[in-house]
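The values are calculated or read from the model by the stated rules, or taken from the named source; none is laboratory data. This is a predicted model, so every value here is computed, not measured. Virtual Cβ from ideal backbone geometry, glycine too; neighbours counted across all protein chains shown.
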Amino acid sequence: MSETDALDSVVSQPYKYGFKTEVEYDDFPRGLNEDIIRMISQRKGEPDFMLEFRLKAYRNWLTMKEPTWPNVDYPPVDYNNIIYYSAPKKKPKLDSLDEVDPAILETYEKLGIPLHEQKLLQNVAVDAVFDSVSVATTFRAKLAEAGVIFCSISEAVKDYPDLIKKYIGSVVPANDNYFAALNSAVFTDGSFCYIPKGVACPMELSTYFRINNEESGQFERTLIVAEEGASVSYLEGCTAPMFSKNQLHAAVVELVALDNAEIKYSTVQNWYSGDKNGVGGIYNFVTKRGICRGVNSKISWTQVETGSAITWKYPSVILQGDNSIGEFYSVAVTNDKMQADTGTKMIHLGKNTRSTIISKGISAGQSNNSYRGLVKIGKKADGARNYSVCDSMLIGDQCGAHTFPYIESANSTASIEHEATTSKIGEDQIFYLQQRGLDEENAVSLIINGFVKEVFKELPMEFAVEATKLLSIKLEGSVG
Amino acid sequence: MLQIKNLHASVDGIEILKGINLEIKAGEVHAIMGPNGSGKSTLSKVVAGHPAYEVTQGEILFEGTDIAELDADERARMGIFLAFQYPVEIPGVSNSMLMRQAYNAIRREHGEEELDPLEFDDYVHKKLDLVEMDPKFLDRSVNDGFSGGEKKRNEILQMAVLNPKLALLDETDSGLDIDALRIVSNGINQIKSSDKGVMLVTHYQRILNYITPDYVHVLKAGRIVKSGGKELALELESQGYEEVEEIR
C-alpha cells in the first residue's frame with residue numbers, strides 16, 4: 001500500500017450514517033416570508049412574545065447581508081427554495097415513545113442512540129431532534145427529581161415562558177449575524193436545559209440532531225442555563241443522509257453561567273460532507289456563544305468537527321464575571337473538497353479572567369482548513385490571561401491550512417500567549433513507526449491520534465469513543 | 001543471518017551504494033566505519049527498508065529470504081531493528097503505547113498471544129534498568145522534548161523490548177557524552193547474544209572501546225574498501241580514513 005493510500009483509508013472512512021429513513025412528512029411550502037413564520041409559531045402553539053421575537057429577527061435578517069469574510073467558497077444559497085418546517089407526521093406523545101414512528105426509533109438505534117427505555121445509554125439523557133422537531137427526550141423524570149429541566153425548546157417555550165423570555169437571545173441577539181438572525185426567525189426545535197441553583201446535573205445531557213428530509217434546512221436552537229453553583233455536561237451529536245443537494249444547517253446555541261456555575265459543552269459533528277468531488281453535503285453555519293455572567297464561572301467548549309461540506313462556526317465565551325474561565329478545545333478534520341473556517345472568540349471583560357484555546361486542524365485531500373480566533377481584552381479586565389495553541393497537520397500536498405489569529409487588548413496588565421505550528425505527516429515519522437513493526441495504516445492512525453490527544457482527553461467518555469472511531473484511530477487502552 | 005550481495009541503492013536517482021557485499025552471522029558484531037557521505041547510514045536504512053531508497057541491483061537476504069522488496073514493517077516483524085541516528089519525535093503518542101503496539105504486532109506475526117497493557121507494563125519495567133531509564137519515560141511522548149542522550153537510550157530501550165534478531169545501530173554513539181555512551185554501550189552489550197547479529201555504524205572508534213566488534217569494515221564512496229578485525233578500527237583512529245587504501 002502506498003503512503004497516500006494508507007493515509008486515505010484512515011481519513012476517508014466511508015460515511016456510515018448516509019441512509020435515509022422513509023417517514024411521512026408534514027412539510028410547509030418552500031420559501032420564507034412572514035406568513036411562513038406565523039405558521040411555524042402557530043403550529044408550535046407559541047405565546048405572542050415568541051412570534052414577536054421571530055418577526056423582529058426576520059425583519060432584521062432582510063436588511064442583512066450574508067457574510068463573505070470566511071475563507072470558504074460556495075454558490076449562493078437560495079433561501080426561498082428551502083423548506084423551513086418539516087416534521088414527521090406522527091406526533092410523539094411527550095412521555096411515551098409508543099407514539100413515535102417506529103421508523104424514527106429505528107433510525108436512532110442505527111445511529112447508536114437507542115431511545116427505548118430498556119436500552120438507554122447509561123447515565124446519558126438524550127433529546128432526539130429529527131429534522132425540525134424533537135421526537136423524544138429520555139430520563140426526564142429522573143432529571144426532574146434533581147430539579148433539572150431538560151426538554152425540547154418547543155415545550156420550554158410553552159411550559160417555561162418566563163425562563164425563555166428572560167434568556168433567549170440574551171447571549172446571541174437576534175440581529176447578531178446573518179445566520180443567527182435567520183435562525184431566530186425560523187428555528188423549529190432544539191433543546192432547553194435549566195440547572196437550578198446549587199445542583200450538579202446527575203447525568204450527561206445530550207441532543208442528537210438528525211437531518212432526514214432532503215429539501216429542508218435544520219434550524220435548531222439550544223439554550224442552557226446554569227444557575228448559581230450549578231454544573232452540567234452537555235453533548236451534541238449530528239448526522240445526516242447522503243444527498244447530492246446541499247442542505248443548510250444554521251443553529252444557535254446559547255449558554256448562560258451564573259456565579260460559580262460550570263457548563264461543559266461537547267460536540268461531535270459528523271454531518272454528511274459531500275462526495276469526493278464536493279457534490280452535496282451540509283452547510284454548517286452555526287453561532288455558538290456562552291456567557292460567564294457570574295463570578296468564578298466556567299464555560300468549556302470541546303468540538304470535534306469531522307463532517308459538513310462547509311463549516312462556519314466560532315464557539316465563543318464572553319467572560320463577564322470576575323475570575324471566570326473560558327476554554328475552547330477543537331479538532332477540525334477536512335478531507336476531499338471540504339472547507340472549514342472555525343475557531344473561537346474569547347471576550348475578556350471581568351478581572352482575572354482566563355481563557356485557553358487549543359485548536360488542532362487536520363487537512364487532507366483538496367480541503368481547506370482555517371482557524372480563525374479572536375482574543376479581546378476589555379479595559380476593565382485587569383490581570384486577564386489567554387493561552388492559545390493552534391496546530392495544523394497536513395496530509396498530502398493538495399490541501400491547505402490557514403491560521404487567522406486576532407488579538408485586541410485594551411488593558412496593559414493582560415497576558416496573551418499564542419503558539420502555532422504547521423506540520424506534515426512525514427515519511428520519516430511513518431518510517432520510524434513501521435520500522436518498529438506497525439503497518440502503515442496503524443502508523444498513520446497513531447500519529448493522528450497523538451496529534452489530537454490534547455483535545456480528545458477533554459471529551460466525555462462516550463464521545464471520546466465515538467470521536468476516536470470517527471478518526472479511525474485504534475486506541476488500545478491508555479494504561480501502561 | 002544477513003547476506004548482502006552486490007547491493008546497489010540510490011535515492012532521488014543518485015547512486016549511493018555501489019556494490020556492497022557483507023555477511024553477518026548470528027552472534028557476530030560488525031562495525032561499519034567510514035568518512036561522512038560514504039554511505040554508512042544509507043546502508044542501514046536500505047537494510048531496514050526506508051521507502052526513499054531504491055535497490056537497483058543485488059540482494060539482501062535475511063535468514064535466506066530476499067527482503068529487498070518487503071515493506072519496512074514486514075522486515076521489522078521478521079526481526080530487524082534499526083536504532084536511528086536521529087530518532088523521530090511523535091507528539092502525543094506515549095513511549096509505552098508505541099512499544100506495546102510494536103511488541104504486540106511482532107507477537108501477532110509469530111502467532112503468539114498479545115500482552116495486555118498490565119502484562120506489558122510488567123515486561124517493559126524489567127527492561128528499563130538496561131539503559132538506566134526512569135519509568136516516567138514510558139508515559140512521555142516518543143522522543144518529544146528528549147535530550148540527544150535520552151533519545152539514544154530510548155532507541156536501545158525499544159531494542160531491548162522488541163528483542164530483534166538483527167540490530168542495526170546507526171551512529172548510536174554520535175552526540176553522546178561519556179556517561180551516556182557508557183550507558184548505551186552497556187545496554188547493547190547486555191542485549192547482544194549468540195543468536196543475534198549486530199551491525200554497528202559509526203564514524204568514531206570510541207564506542208568500540210565498549211563494544212568489541214568481531215569485524216570492522218571501512219566504507220568509502222559506497223563500497224567496502226577494507227575489512228579486518230577489531231585492530232583495524234585502531235588503525236583508522238591513528239591514520240584517518242584518507243590513509244585507507246583501496247584493496248581492489
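Things worth noting here:
- The residues of the stretch B:60-94 that are surrounded by 23 or more Cβ atoms within 10 Å (Cβ to Cβ) and more than 9 Å from chain A (Cβ to nearest Cβ), listed by number, are B:Ile60, B:Ala83.
- Residue within the stretch B:188-205 that is farther than 29 Å from B:His8 by Cα, among the small types (Gly, Ala, Ser) and in contact (Cβ under 8 Å) with a residue 12 or more places away in the chain present: yes
- Members of the stretch B:9-36 found to be of a type outside the set (A, V, I, L, M), touching a residue at least 60 places away in the same chain (Cβ under 8 Å) and surrounded by fewer than 23 Cβ atoms within 10 Å (Cβ to Cβ), listed by number: B:Glu15, B:Lys18, B:Gly19, B:Asn21, B:Lys25, B:Gly27, B:Glu28, B:His30, B:Pro35, B:Asn36
- B:Ile247 fulfils the conditions (1) β-branched (Val, Ile, Thr); (2) at pLDDT below 90; (3) in a helix (DSSP H, G or I) except for a single criterion, (3).
- Within the stretch A:411-428, restricting attention to residues that are of a type in the set (Val, Ile, Thr) and surrounded by 14 or more Cβ atoms within 10 Å (Cβ to Cβ), the residue that is nearest to the other protein chains (Cβ to nearest Cβ) is A:Ile425.
- Residues that are among the aliphatic types (A, V, I, L, M), within 22 Å of B:Asn186 (Cβ to Cβ), surrounded by 14 or more Cβ atoms within 10 Å (Cβ to Cβ) and in contact with a strand residue (DSSP E or B) (Cβ under 8 Å, 6 or more places away or on another chain) occur at least once in the stretch B:127-142.
- Residue match in the stretch B:201-209 (condition: surrounded by fewer than 21 Cβ atoms within 10 Å (Cβ to Cβ), of a type outside the set (Lys, Arg) and touching a helix residue (DSSP H, G or I) at 6+ places or on another chain (Cβ under 7 Å)): yes
- Out of A:Phe431, A:Phe456, A:Phe404, sole residue that is farther than 15 Å from B:Val93 by Cα, of a type in the set (Phe, Trp, Tyr) and within 14 Å of chain B (Cβ to nearest Cβ): A:Phe431
- Meets criteria (buried (at least 19 other Cβ atoms within 10 Å of the Cβ), under 23 Å from A:Ala309 (Cβ atoms), within 26 Å of the chain's Cα centre (by Cα) and modelled with pLDDT of 85 or more) for A:Pro70: yes
- Hey, A:Val225 over 19 Å from A:Asp189 (Cβ atoms) and aliphatic (A, V, I, L, M) or not: no
- Of the residues making up the stretch B:159-176, those that are within 25 Å of B:Phe120 (Cβ to Cβ) and touching a residue at least 40 places away in the same chain (Cβ under 8 Å) are B:Met159, B:Val161, B:Leu162, B:Pro164, B:Lys165, B:Leu166, B:Ala167, B:Leu168, B:Leu169, B:Thr172.
- So A:Thr334, is it buried (at least 24 other Cβ atoms within 10 Å of the Cβ), at pLDDT below 95, within 24 Å of A:Tyr74 (Cα to Cα) and under 18 Å from the mean Cα position of the chain (by Cα): yes
- Residues of the stretch A:337-352 that turn out to be under 13 Å from A:Val72 (Cβ atoms) and hydrophobic (A, V, I, L, M, F, W, C), as a count: 2
- Top-ranked residue in the stretch A:162-188 [being in a helix (DSSP H, G or I) and β-branched (Val, Ile, Thr); ranked as farthest from A:Asp35 (Cα to Cα)]: A:Ile164
- Matching strands (runs of 3 or more DSSP E) fully within the stretch A:268-313 where at least 3 residues are in contact with a helix residue (DSSP H, G or I) (Cβ under 8 Å, 6 or more places away or on another chain): A:281-292
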